[in-house]
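Trainee: Below is a structure I'd like to ask you about.
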Amino acid sequence: MKTKTMLALLGAIVMLTSCEELFGDDDLKPDGSNPSLVINTPSTNQTVNASQGLRINITGTDKDNITDIAFSVKGSEDEADLVKFSKFHDKRVVEFDTTVMLSDVKPGVYSLVIDAVDKRTNRTQREVMITVK
């Protein structure tokens with residue numbers, strides 16, 4: 001009886017370990033299906049008052065779950081990011097709504113860049129120009 005159980009167990013182990021779909025390394029390679037990312041707020045070329053802050057509202061979706069969303073407010077190419085933060089999720093649908101204070105930001109034209117990455121490292125980046133007054 002023990003011999004049959006051992007043979008059955010050995011057979012199951014051989015079958016499962018030879019199945020590449022269960023144990024293959026290809027599970028997390030990029031598959032070309034980039035996350036969908038919609039910037040609900042701010043709108044393109046929106047003017048914001050620095051003292052009131054910048055409201056950011058986004059919706060992201062992906063079949064492989066969005067794992068990271070990075071936000072940055074940039075001036076010219078020579079400047080460091082004025083605002084930069086990330087939010088880590090592991091969801092198919094991500095809704096994010098926040099207000100970022102811009103009290104130390106000088107009046108001018110800036111870009112809000114949002115970068116979403118899914119579990120397979122597929123990436124989508126969106127950019128919106130804003131004017132701070």
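Trainee: Pick from region 88-105 the residues that are part of a loop (DSSP other than H, G, I, E, B) and in contact with a Leu (Cβ under 9 Å, 6 or more places away or on another chain): which of them is surrounded by the fewest Cβ atoms within 10 Å (Cβ to Cβ)?
Mentor: Only one residue tops the list, namely ASP104.
Trainee: While we're here: Does THR121 qualify as being modelled with pLDDT of 90 or more, over 18 Å from GLY32 (Cβ atoms) and surrounded by fewer than 18 Cβ atoms within 10 Å (Cβ to Cβ)?
Mentor: Answer is no for this residue.
Trainee: Do we have any residue at all in region 65-82 that's among the aliphatic types (A, V, I, L, M), part of a loop (DSSP other than H, G, I, E, B) and out of contact with any helix residue (DSSP H, G or I) (no Cβ under 8 Å at 6 or more places or on another chain)?
Mentor: Yes: one or more hits.
The values are calculated or read from the model by the stated rules, or taken from the named source; none is laboratory data. Quick caveat: nothing in here was measured; it's all calculated off a predicted structure. A quick note on method: Cβ atoms are made from the backbone with ideal geometry, for glycine too, and the neighbour counts reach across all protein chains shown.
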